[in-house]
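Peer 1: One structure, pasted below without further comment.
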């Protein structure tokens, strides 16, 4: 600013000091204030009146801790109550690489710290891969490890690493290893049963998740604010009838035999004939449930139920039961068995071994497993009316449980095929009597023998003993249905004949257990193979029970497609039966009765 | 005009009383709140401890189940030179009768290898160590002579077959 010279004195007198108009100022000030306060007021009204609900709710939500209470999935237990499959707590370890980067943390340090706890066994994890995951740019969610144990997670949490969180993810463990994996089935990543019993009983096993919400400060509940809790309802455990030890022995025995004979499939069914309880259900097409990723689709099913085959000679027991029950034969009935049986229409029945004309008793026909003899005697069911004879035969096959599901209620069961009698073609009319031209699954076939063993009363096979609720209370499963298929006396006579099969004169000699009375029947069926479009191979089977005069265990052994000249039920399957039965008898504490076998005559 | 006013006592004691009651009330309230807070923290801690105990119980139970699993027992038994008994026979302790045909056990397969202690997932160790002949059976029933079973269901066993 330039300096001005002092102003010359005013020429006119200074004007009078004009006061402002206070009224106007005050008014203006008032208006300004009022405006400002009205803003405050308006905002206040907005907060307190219009938006109040929303803010209050938001505040409450901020204070409220909502925690999902996960229901523990029920276990699948063996017959002794020990878990075969069990759901346990586990935690997924999750990293937030973006947060780690923002916090200027070194992924390499993280990786080396975490590596000591991750992997199985702990410490075996690939550190470089871990570092890559932790350093992934832009990512906010990287799963470092799935389903670590809670104790391991606690150690990881104690490291205090920013950006590492845990996510509850219960896992199913198989503490006894691979026991009846195909029966038990698997649980998928959503925690739902995807096969076997896990699937069949999923709704029972899964339970209901609960929720707890409370007002919290720094993670601690604020007293007197009240808790809203819906308790989780843990799943019910299913107690099966599976005896782990017998199951294991059966699995070992069938695996050995399948490997030895290079067969395509082997199954073993162990049953208690009195209760229908399945004690073991082993199939060679199995997998390790702790590592299901390596299993093929074929292995994931349960071939003891889903695989059907033509039973062959083991079905003769049904035919003979029918004959004896109808009163047309008895074990001592004398039959002249020709070398072949020409049925007309171009179909000739042969026996397994060529022979001349034989004089066999009905007992001998079963012991030597004569197809011709079986056909000849079965014609006696209605000597002059083939249609009626077929119908009678069909009724017995059906009453023994063939052609419909076994009743176990597991997914994927195939009921097999038992065509109605009217639909049997010419050759089928003769072959059904000795077990060709129809198909069954392993459980169905074993159940037939359980029926004979149980004095003619068929008890629907069952896998479930009962249910153990979350509170530990055991509820027995409903008793399985029982039906009298043949009379006790018929069953006894058939049983006596089956002892001849296992005698030195029969086809099942290698099923003998010294000191015990064993009854059973061999089967060597022609096996239909889709890939070769016809019969090219065999199904070797043996089904039997012991002690024959007080049956407590029935075992069926089925080996499909054994390679080599040795493909007979008596040589392939009977030894497996012998092995599993000897073990099971000891395991169940079944002593020999000490009675003598009837030793019915074979020939006359 | 107001009679008896001069004779009225001083208001101070009453004020003190009110103050005292107020103070005690406040202190008690504070203590009550503190103890409730304390309890809430203790409950939380106890729950955490319970959770961790449950976890370790689960882990131990799994380990036990793994060790007592048939496969693990079989391999342990084989490691000790036990073999499955191929011929079940029973001894009736009351009559001394042998039920079944007892026979000497087969020779164990050569030099059974000791197995490592099975881990909670016993499949691996069991599979690796089971000897070929004796992998089918846990040790309970192994041994050549009759394994006696107290109170067998064999009944009177009048005609035992000691062949």
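Peer 1: Assuming 0.36 nm per residue, please report the length gained on full extension of the stretch residue A:190 to residue A:536 beyond their Cα-Cα distance.
Peer 2: Working: separation 346, 0.36 × 346 = 124.56 nm, distance 4.32 nm.
Answer, rounded to one decimal: 120.2 nm.
Peer 1: For chain A, how big is Rg over Rh, using alpha carbon atoms and the Kirkwood form of Rh?
Peer 2: Details: Rg = 39.6 Å, Rh = 29.4 Å.
Using Cα coordinates only, the ratio equals 1.35.
Peer 1: Express the relative contact order of the stretch A:47-122 as a whole percentage, based on alpha carbon pairs under 8 Å and six or more residues apart in sequence.
Peer 2: On the way: 24 pairs, mean separation 9.5, N = 76.
So the answer I get is 12 percent.
Peer 1: Another question, then. Using a/c under 1.5 as the rounded threshold, could you call the stretch A:357-506 rounded, prolate or oblate? The axes a ≥ b ≥ c are square roots of the C-alpha gyration tensor eigenvalues, and prolate needs a/b larger than b/c, oblate otherwise.
Peer 2: Note, shape of the stretch A:357-506 comes out prolate.
Peer 1: On average, how many beta carbons from a partner chain sit within 10 Å of the beta carbon of a residue in A:239-248? Mind dumping the intermediate values first?
Peer 2: Details: counts 0, 0, 0, 0, 1, 7, 8, 1, 1, 11.
Across A:239-248, the average partner-chain Cβ count within 10 Å equals 3.
Peer 1: Using the Kirkwood radius over Cα pairs, work out the Stokes-Einstein diffusion coefficient for the stretch A:151-228 at 37 °C and 0.692 mPa s, in µm²/s as a whole number.
Peer 2: Translational D for this selection: 200 µm²/s.
Peer 1: Turning to a different aspect of this structure: Between helix A:52-63 and chain A, what is the angle of the helix's C-alpha long axis to the longest principal axis, kept within 0 to 90° and rounded to the nearest 10?
Peer 2: Once rounded, one gets 60 degrees.
Peer 1: Which whole-number percent gives the relative contact order of chain A, counting Cα pairs below 8 Å spaced six or more residues apart? Can you show the working numbers first?
Peer 2: On the way: 1302 pairs, mean separation 83.0, N = 604.
Dividing the mean separation by the residue count of chain A yields 14 percent.
Peer 1: Now for a separate question. Suppose we keep just the DSSP beta bridges with both residues in the protein assembly as shown; what percent of those would be antiparallel, to 5? Present the calculation step by step, with values, prior to reporting the outcome.
Peer 2: Working: 81 of 84 bridges.
Restricted to the protein assembly as shown, the bridges split so that about 95 percent are antiparallel.
Peer 1: Let me know the mean shielding of A:591-601 by other chains, meaning the per-residue number of their Cβ atoms within 10 Å of its Cβ.
Peer 2: On the way: counts 17, 12, 8, 13, 3, 2, 0, 0, 0, 0, 0.
Whole-number average of other-chain Cβ neighbours for A:591-601 is 5.
Peer 1: Follow-up. Roughly how tilted is helix A:574-587, in degrees to the nearest 10 and between 0 and 90, from the longest Cα axis of chain A?
Peer 2: Helix A:574-587 sits at roughly 60 degrees to that axis.
Peer 1: Working from Cα positions, state the angle (0 to 90°, nearest 10) between the long axis of helix A:386-399 and the longest principal axis of chain A.
Peer 2: Helix A:386-399 and the main axis of chain A meet at about 40 degrees.
Peer 1: Between residue A:384 and residue A:347, what's the calculated FRET efficiency when r is the beta-carbon distance and R0 is 30 Å? Round to 0.05.
Peer 2: Numbers: r = 20 Å, r/R0 = 0.67.
Computed FRET efficiency for residue A:384 and residue A:347 comes out at 0.90.
Peer 1: Ok, one more. So what is the calculated 222 nm ellipticity per residue for chain A, using -39500 (n - 2.57) for each DSSP H run with n of 4 or more, over all residues, to the nearest 500 deg cm²/dmol?
Peer 2: Details: 20 runs with 195 residues, N = 604.
Computed mean residue ellipticity for chain A: -9500 deg cm²/dmol.
Peer 1: Between residue A:298 and residue A:473, what is 0.36 nm times their sequence separation minus the Cα-Cα distance? Round to one decimal in nm.
Peer 2: Working: separation 175, 0.36 × 175 = 63.00 nm, distance 3.69 nm.
Difference between extended and current length: 59.3 nm.
Peer 1: Residue separation times 0.36 nm, minus the C-alpha to C-alpha distance between residue A:227 and residue A:404: what's the value? The partial results should precede the final answer.
Peer 2: Numbers: separation 177, 0.36 × 177 = 63.72 nm, distance 5.37 nm.
Gain on stretching residue A:227 to residue A:404: 58.3 nm.
Peer 1: Distance from a point 7 Å along Cα→Cβ of residue A:204 to each backbone N in the stretch A:463-492: keep the residues under 19 Å and list them by number.
Peer 2: A:463-482
Peer 1: How far is it, in nm, from the label point at residue A:21 to the one at residue A:218 when both lie 7 Å from their Cα along the line to the Cβ?
Peer 2: Placing both labels 7 Å along Cα→Cβ, they lie 6.3 nm apart.
Peer 1: Oh, and also: Between residue A:102 and residue A:159, what's the calculated FRET efficiency when r is the beta-carbon distance and R0 is 22 Å? Round to 0.05.
Peer 2: On the way: r = 19 Å, r/R0 = 0.85.
Result of the calculation: an efficiency of 0.75.
Peer 1: What does the C-alpha gyration tensor say about the overall shape of the stretch A:315-431? Classify as rounded when a/c is under 1.5, otherwise prolate if a/b is larger than b/c, or oblate. Write down the numbers at each step before the final one.
Peer 2: Working: a/c = 1.76, a/b = 1.62, b/c = 1.09.
Judged from the Cα gyration tensor, the stretch A:315-431 comes out prolate (a/c at least 1.5, a/b above b/c).
Peer 1: Can you tell me the order of A:472-480, A:228-236, A:497-505 when each peptide is scored by its average per-residue count of other Cβ atoms within 10 angstrom, highest first? Numbers along the way, then the final one.
Peer 2: Working: A:472-480: 11.1, A:228-236: 16.4, A:497-505: 23.6.
Those peptides, ordered most packed to least, come out A:497-505, A:228-236, A:472-480.
Peer 1: What is the stretch B:25-105 by shape, rounded, prolate or oblate, if you read a ≥ b ≥ c off the alpha carbon gyration tensor as root eigenvalues and call it rounded for a/c under 1.5, prolate for a/b larger than b/c, and oblate otherwise?
Peer 2: prolate
Peer 1: In peptide B:52-61, how many Cβ atoms from other protein chains are near each Cβ within 10 Å, on average?
Peer 2: Values: counts 3, 0, 3, 9, 3, 0, 10, 7, 0, 5.
Whole-number average of other-chain Cβ neighbours for B:52-61 is 4.
Peer 1: Rounded to the nearest 0.05, what FRET efficiency do residue B:39 and residue B:64 have when you use their Cβ-Cβ distance and R0 = 41 Å? Present the calculation step by step, with values, prior to reporting the outcome.
Peer 2: On the way: r = 36 Å, r/R0 = 0.88.
Efficiency at R0 = 41 Å is approximately 0.70.
Peer 1: Could you rank the peptides A:247-254, A:75-82, A:281-288 by their average count of other C-beta atoms within 10 Å per residue, with the highest value first?
Peer 2: On the way: A:247-254: 27.2, A:75-82: 20.2, A:281-288: 23.4.
Ranking the peptides A:247-254, A:75-82, A:281-288 by packing returns A:247-254, A:281-288, A:75-82.
Peer 1: Label residue A:357 and residue A:426 with points 7 Å out from Cα along Cα→Cβ: what is the distance between them in nm?
Peer 2: With each label placed 7 Å out from Cα toward Cβ, I get 2.5 nm.
FYI, it's all coordinate maths here, none of it is from the lab. Keep in mind that this is a model prediction, so the values were computed, not measured. Reconstructed Cβ throughout: ideal geometry from the backbone, glycine too, with neighbour counts over all protein chains shown.
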